[in-house]
Amino acid sequence: MPDFLEEKKREIDARMKELRPLVDEFHRLEKASAALEGLPASNSNTASAPTRRARRRTTAASKSGTGRRGRPRGSGTRAKQALELVRSRPGITIPEIAESIGIQQNYLYRVLPSLQKDGQVRKEGRGWHPTASA
């Protein structure tokens, strides 16, 4: 009886070894199928279809009409806080604004030039001043 069991165990092990590559392939195909889930089926040339990233970028740009992703420039809380400080303390510098708000200066080096571009502040030397329209 032990010989019979040992023989069956060897047969099972051999068959499992034989099937392992097929099982691995099945799992790879299963993952690929899940990754493709939700993508539109293409009847024609797949090279002309936009990638997932390009499709997302196109959609985001078309919603805002500006070609940019995210919220409109200068609409954030930090921009409003910086603008209020410039209005209340004309000539304030970026390090002073950063310390008052409690943020890093490097962020303000993006925020203030965009406020300047929108015509809300102007720079004189190192200091920032509100414009007449702001």
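The values are calculated or read from the model by the stated rules, or taken from the named source; none is laboratory data. Just so it is clear, the structure is predicted and the values come from calculations on it, not from any experiment. We work out accessible area using only protein heavy atoms, side chains counted, and drop any ligands, DNA or RNA first. Shrake-Rupley method; radii C 1.70, N 1.55, O 1.52, S 1.80 Å.
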Exercise. Whose amide H sits under 5 Å from the amide H of R122, counting only residues 5 or more places off or on another chain, with H placed in the peptide plane?
Worked result: H129, T131
For this session: On the protein heavy atoms, probe 1.4 angstrom, tell me the percent of accessible surface of region 78-134 carried by carbon and sulfur.
Result: 45 percent
Exercise. Ordering R126, R10, R89, R78 from largest to smallest accessible area (1.4 angstrom probe), what's the sequence?
Worked result: R126, R10, R89, R78
For this session: Using θ = phi - 60° and the Karplus relation 6.51 cos²θ - 1.76 cosθ + 1.60, list the HN-Hα couplings for region 103-112 in order, rounded to whole Hz, with x at every Gly or Pro.
Result: 10, 6, 5, 4, 5, 5, 5, 9, 5, 5
